[in-house]
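Accompanying notes for the structure given below.
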Amino acid sequence: MTDAVQVRLLFFARSRELAGTSETSIQVPKTTTVNNLLKIIVKHYPQLEPVVDSVAVAVNEEFQGNSVELTLTAGDIVAIIPPISGG
Amino acid sequence: MTDAVQVRLLFFARSRELAGTSETSIQVPKTTTVNNLLKIIVKHYPQLEPVVDSVAVAVNEEFQGNSVELTLTAGDIVAIIPPISGG
Amino acid sequence: MLNLDYVSVTEKHLDLNALTDMVGREDGGAISTFIGTTRNSFQGKAVVRLEYEAYCTMAEKQMSVICDTIRKTYNVLNIAIAHRIGVVPVREASVIIAISSAHRIDSLEAVHYAIDAVKELVPIWKKEVYADGSEPEWKENCEGCTKSLSKK
Amino acid sequence: MLNLDYVSVTEKHLDLNALTDMVGREDGGAISTFIGTTRNSFQGKAVVRLEYEAYCTMAEKQMSVICDTIRKTYNVLNIAIAHRIGVVPVREASVIIAISSAHRIDSLEAVHYAIDAVKELVPIWKKEVYADGSEPEWKENCEGCTKSLSKK
């Protein structure tokens, strides 16, 4: 992975409980889609498999389209966002 | 006026200021329409002439249709209701 | 749990917390409120205060009719409608409506309906007093509305 | 007068009076509010409390985005959106939205939009804890909503 970067990875709510942590860091390709990013994360945290289809992803606090090609930078904050239930 | 009854007559807001009183009593026909009632009232209080077309009438605290035939009883409360501006 | 319809025409300062506490319920997930406040100007003229006058007994009766209509249309829990009369200084509340419901859509829509209905159906009047000393004016919520009431 | 957008995710008890005071203005004639409260049951199961968790920095950012959208759509004056996190006991407020406007239609519609938007766009989650000791549940505001966010 010559074009790999290290990003921060945040988990919340159910995904946090399943992952067993609220934050970690992970190496990912510099350019990738959200769908591919999720596949990589599930490889590290297979226990997220049941929820992966229902989560959204935010990069640096902005929601990202699933098929958008992301360009990530070292230190970027990737967050797994389970279905929202605020209010 | 054999079929006349004495009713209480209430004025509010602008009609109260024009009439110079908030309450009086007046002799009116036992059966009459709201329009006719207003004509009688304006005969007693000609200063209400400028507002008579914009007021509604309530009898015993219920709005009455202008052309409805009212049957009044002695002591009924007739109220002149200028355009509402609550809220 | 019994439903509450609270209606009030009062010379006292309106207490938002007291009214929302009154409509709040353990089986409710939503409280919507509307607060009408006195504005400091009308068409460029500075307003120093409003003076409200009511046909009190009929006003509270009409507020109860509005509560009945709300219950026929929306799935609400408790309703409170309170209108202040007398002098209301700028920025203070002249009317507060607070409605609770299990789900938000009902109280949101019911409050909207309720304030429209109060302005149309409840015999209360306001006189605007201006800073420039010009003749105070009795306001009208919308032209012809009151006249059309008599047909309802 | 400058417009205020106040957004807050806090562990503290939400203060309705403080928030409405904050949005109240001399040039405003209307304040509409929405208060989300904790219900005591879900599908027949007694709920003892809700526990809220937020992605705080992003949540406040999303609330600010909602404020921007409100200003593009409705003619409002001040906006306050506050969400409580941590444990919220039954009957207490988890979210309060308060919006002022010159005329009532704007704040009424803006508050309705705002609570819908908060429930759809702000990364906050609630876990329901039941009296019968059954497994606490992470709620979802509506199925598929979050997934659809990623397309927005």
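Readers should treat all values here as calculations from the given coordinates under stated rules, not as data from a laboratory. Since the model is a prediction, treat every value here as computed from it, not as a measurement. FYI the Cβ positions are ideal-geometry reconstructions off the backbone, even for glycines, and counts take in every protein chain you see.
Can you list the distances in nanometres, one decimal and ascending, from the A:A4 label point to the identical position in each other copy, with the point 7 Å along Cα to Cβ?
10.6
Please compute the contact order of chain B in relative form: average sequence separation of alpha-carbon pairs under 8 Å and at least six residues apart, divided by the residue count, as a percent.
It rounds to 39 percent for chain B.
Taking the inverse of the average 1/r across all pairs of different Cα atoms in the range C:20-67, what Kirkwood radius in Å do you get?
It works out to 14.5 Å.
How far, in nm to one decimal, is D:T73 from itself in the other copies if the label point is set 7 angstrom along Cα toward Cβ? Shortest first, please.
Those separations, rounded to one decimal, come out as 2.2 nm.
May I ask for log10 I(q)/I(0) of the range C:98-143 at q = 0.13, 0.15, 0.26 Å⁻¹, from a Debye sum over the Cα atoms as equal point scatterers with solvent left out?
-0.48, -0.57, -0.91
Tell me, which longest segment in chain C has none of the GluC sites (Glu not before Pro) that fall in DSSP loops with at most 12 further Cβ atoms within 10 Å?
With GluC sites (Glu not before Pro) excluded where exposed in loops, chain C gives C:12-142 as its longest stretch.
For n ≥ 4 DSSP H runs only, could you compute -39500 (n - 2.57) per run for chain C, divide by its residues and tell me the 222 nm figure to the nearest 500?
-10000 deg cm²/dmol
Pick from D:A46, D:A30, D:A117: which residue has the top mean-square fluctuation in a GNM of chain D where Cα pairs under 10 Å get a spring?
Maximum fluctuation in the GNM of chain D, among the listed residues, is at D:A46.
Could you give, in nm with one decimal, how far B:P50 is from each other copy of that position, shortest first, with labels 7 Å out from Cα toward Cβ?
7.7
Which helices pass in chain D if a helix is a full DSSP H run, must span at least 15 angstrom along its long axis by Cα, and must have mean Kyte-Doolittle hydropathy not below 0.0?
The qualifying helices are D:104-121.
What are the aspartates and glutamates whose alpha-carbon lies under 15 Å from the alpha-carbon of C:K119, with same-chain residues fewer than 8 places away excluded?
Within the straight-line limit of under 15 Å, C:K119 reaches these aspartates and glutamates: C:E53, C:E60, C:E140, C:E143.
Once the Cα gyration tensor of the protein assembly as shown is diagonalised, what are the square roots of 5 times its eigenvalues, in whole Å and ordered largest first, as equivalent ellipsoid semi-axes?
Working through the eigenvalues yields semi-axes of 57, 23, 17 Å.
Percent antiparallel among DSSP beta bridges with both residues in chain C, to the nearest 5? Please list the in-between numbers first.
Details: 29 of 35 bridges.
Percentage antiparallel, nearest 5: 85.
From the convex hull of the Cα coordinates of chain A, what is the mean projected area in square nanometres?
In nm², the orientation-averaged hull projection of chain A is 5.3.
Could you compute Rg(Cα) / (2.2 N^0.38 Å) for chain D, with N its residue count?
The reported ratio for this selection is 1.08.
Suppose we consider the axis relating copy B to copy A; can you name the residue of B with the nearest Cβ and state that distance in angstrom as an integer?
B:G87, 14
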